[in-house]
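Down below is the structure, laid out as structure tokens.
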Amino acid sequence: MSIPEADFDDLSLLRCFGRAVVRDERQFLTETQVTQLVDRLIRQARVGVVAGSGRIERRRQTTLFSRFVDLHRRYARRCMAEENDAGWSDGAPVRGERKVAASVRALPLEQREALLLVVIGGFAHREAAEVLGISLSQFFDRLDRARARLSTCLDLEINDQPEPWDKSPHLRIVK
Amino acid sequence: MKDRVPAVETHAYVDKCLSPEERKSFEVRLSHDEELRRRVDLWQMQNEAIRAAFGAPGRGSRANGNSAPLPSPASASLSERTDPHLRLFAKTPTVNRAAQKWTNLLRRPATRLAVVLIGVTLFPGGMSSAPRAALAETGASAFRAFASSPASSLDFAGRASADLGRALGPQFTAADLPEWATPLGWTLRGAKRVPGLHGEAILILLESEARGPLGVLIEPLDAPASSAIRIEPLGGMTVAAFTRRGYGFAVAGPADGGVEAWLAAAGFTDDGWPEIDPR
């Protein structure tokens with residue numbers, strides 16, 4: 001089955017979302033592996049979705065994201081089933097990875113999907129719930145937990161007491 | 001479950017899913033609820049940090065999850081405010097072939113360098129107002145979230161500016177922080193790592209008996225080395241944004257003249273770097 005050509009720009013959001021969502025704390029993937037995996041999932045997700053005109057309309061975009069999410073979940077389940085293969089690890093931090101990216105990577109998959117669909121995919125809440133195939137209420141639960149967890153990971157909570165100067169850790173250098 | 005409705009509304013506000021009327025009424029509540037304001041600021045900072053971390057374009061306002069194509073020209077407004085590079089390379093479904101050719105051309109490093117050089121030649125004043133506005137908003141968000149309350153958690157708490165300089169390390173060494181950060185009349189409360197425009201920034205918290213709290217956000221930026229100081233009112237505060245020596249600065253404080261007073265005391269002029277006080 002031939003896949004119609006799509007504009008690069010039409011898929012850039014999905015590619016960006018994909019690159020963020022496939023990174024998981026329990027799995028070590030190199031940059032190349034991430035790119036290959038995302039490209040493969042996008043290729044599979046596009047089958048039958050992209051119109052001949054090459055322009056993905058909003059509805060099609062929702063379907064495309066939804067298929068991508070399904071395919072990635074299937075991939076993640078398979079990796080977990082074959083735990084010793086496919087590079088599933090103990091979640092050691094990736095060298096040089098930024099704190100924000102690492103904190104997102106540490107979120108459970110369903111929370112990560114919900115958060116990234118909104119923040120990176122640019123979907124409204126109702127659309128994102130549709131992409132994930134869940135109710136709006138379930139979606140808000142996931143989004144709420146994701147944001148709360150991320151605040152903790154990023155140390156952005158505001159109610160902690162300040163530490164004394166001499167006991168405080170040194171500022172970490174960001175590369 | 002008691003917080004369910006406000007939480008949903010807060011998510012909707014942060015993710016720009018409210019209609020203009022709903023947005024306006026939420027903002028009225030926001031102005032009366034300090035805790036809610038902080039939560040909104042934190043989530044907005046999270047969103048911007050995530051987009052910056054994964055190189056995603058920003059998003060603008062859309063009402064109630066309608067089926068408008070994304071990103072639309074209107075929805076590019078946030079990326080315009082937050083990231084000049086994202087704005088330049090923002091991908092829209094409606095881009096035509098000619099525009100695409102220009103975009104591809106501008107992606108080449110040599111072309112980008114040429115554009116920057118032409119820009120510096122034609123506009124010696126430095127960065128345009130859009131990045132400075134984004135910097136100002138980042139500084140204002142950080143100040144609202146962390147500087148206005150004494151209960152905020154700090155990465156560095158204390159009043160010794162020399163210790164702060166040592167603790168910050170090489171990322172901020174060239175900024176000569178401790179020497180000018182605490183001019184006469186201002187004391188150091190501490191500092192906190194916060195999400196900046198593109199990466200990690202440091203928010204230095206100062207206070208003055210006469211002027212109250214002040215936040216100075218500093219972020220190493222790939223920006224013009226120097227730009228004029230732009231002072232503007234922002235959400236009931238005054239914020240000054242500018243760049244010096246490749247660092248982006250956003251000085252935020254209550255609208256009582258404190259920002260202007262600190263700039264003058266520290267020695268920041270439109271094109272100058274503070275004289276370092278050996279004290």
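The values are calculated or read from the model by the stated rules, or taken from the named source; none is laboratory data. Remember, it's a predicted structure, so these values are computed and weren't measured experimentally. As a convention, Cβ positions derive from the backbone with ideal geometry for all residues, glycine included, and neighbour counts pool all protein chains shown.
Would you tally the residues in segment A:13-33 being modelled with pLDDT under 85, in a helix (DSSP H, G or I) and within 25 Å of A:LEU150 (Cα to Cα)?
So the count comes out to 2.
Examine segment B:131-151 for a residue that is at pLDDT below 75 and of a type in the set (Asp, Glu), and state whether such a residue exists.
no
For every residue, the table says whether it meets (1) modelled with pLDDT of 85 or more; (2) over 22 Å from A:VAL131 (Cα atoms); (3) assigned to a loop (DSSP other than H, G, I, E, B).
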residue	(1), (2), (3)
B:PRO6	no, yes, no
B:LEU18	yes, no, yes
B:GLU21	yes, yes, no
B:SER25	yes, yes, no
B:ALA52	no, yes, no
B:ARG62	no, no, yes
B:ALA68	no, no, yes
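Tell me the residue from B:GLY190, B:GLY158 that is of a type outside the set (D, E, K, R), more than 23 Å from B:ILE229 (Cβ to Cβ), surrounded by 15 or more Cβ atoms within 10 Å (Cβ to Cβ) and at pLDDT 75 or above, please.
So the residue among B:GLY190, B:GLY158 that is of a type outside the set (D, E, K, R), more than 23 Å from B:ILE229 (Cβ to Cβ), surrounded by 15 or more Cβ atoms within 10 Å (Cβ to Cβ) and at pLDDT 75 or above is B:GLY190.
State yes or no: is B:LEU205 buried (at least 22 other Cβ atoms within 10 Å of the Cβ) and either at pLDDT 80 or above or part of a strand (DSSP E or B) (or both)?
In short, yes.
For segment A:152-167, check the following and say yes or no: at least one residue is within 18 Å of the chain's Cα centre (by Cα) and either at pLDDT 90 or above or of a type outside the set (Val, Ile, Thr) (or both).
Yes; the residues of segment A:152-167 include at least one that is within 18 Å of the chain's Cα centre (by Cα) and either at pLDDT 90 or above or of a type outside the set (Val, Ile, Thr) (or both).
Out of the residues in segment B:208-238 meeting the condition of being out of contact with any Phe, Trp or Tyr (no Cβ under 8 Å at 6 or more places or on another chain), in a strand (DSSP E or B) and of a type in the set (A, V, I, L, M), tell me which one is nearest to the other protein chains (Cβ to nearest Cβ).
That would be B:LEU234.
Could you check, for segment A:81-91, whether at least one of its residues is modelled with pLDDT under 90, in a loop (DSSP other than H, G, I, E, B), under 24 Å from B:ALA142 (Cβ atoms) and of a type outside the set (Lys, Arg)?
No: segment A:81-91 contains no residue that is modelled with pLDDT under 90, in a loop (DSSP other than H, G, I, E, B), under 24 Å from B:ALA142 (Cβ atoms) and of a type outside the set (Lys, Arg).
Considering only residues of segment A:106-153 that are more than 8 Å from chain B (Cβ to nearest Cβ) and acidic (Asp, Glu), which is surrounded by the most Cβ atoms within 10 Å (Cβ to Cβ)?
A:GLU113
Assuming A:THR62 fulfils every condition listed in (1) modelled with pLDDT under 85; (2) within 15 Å of the chain's Cα centre (by Cα); (3) more than 15 Å from A:LEU109 (Cα to Cα) apart from one, which condition is it?
Result: A:THR62 fails condition (2) only.
For A:ALA102, work out the one condition from (1) assigned to a helix (DSSP H, G or I); (2) modelled with pLDDT of 90 or more it doesn't fulfil.
Only one criterion in (1) assigned to a helix (DSSP H, G or I); (2) modelled with pLDDT of 90 or more is unmet by A:ALA102, namely (2).
Kindly indicate which of B:PRO195, B:PRO278 is within 14 Å of another protein chain (Cβ to nearest Cβ) and modelled with pLDDT under 80.
Answer to the selection: B:PRO195.
From B:ALA223, B:ALA241, B:ALA181, which residue is modelled with pLDDT under 80, over 21 Å from B:ASP155 (Cα atoms) and in contact with a Leu (Cβ under 9 Å, 6 or more places away or on another chain)?
Of B:ALA223, B:ALA241, B:ALA181, the one residue that is modelled with pLDDT under 80, over 21 Å from B:ASP155 (Cα atoms) and in contact with a Leu (Cβ under 9 Å, 6 or more places away or on another chain) is B:ALA223.
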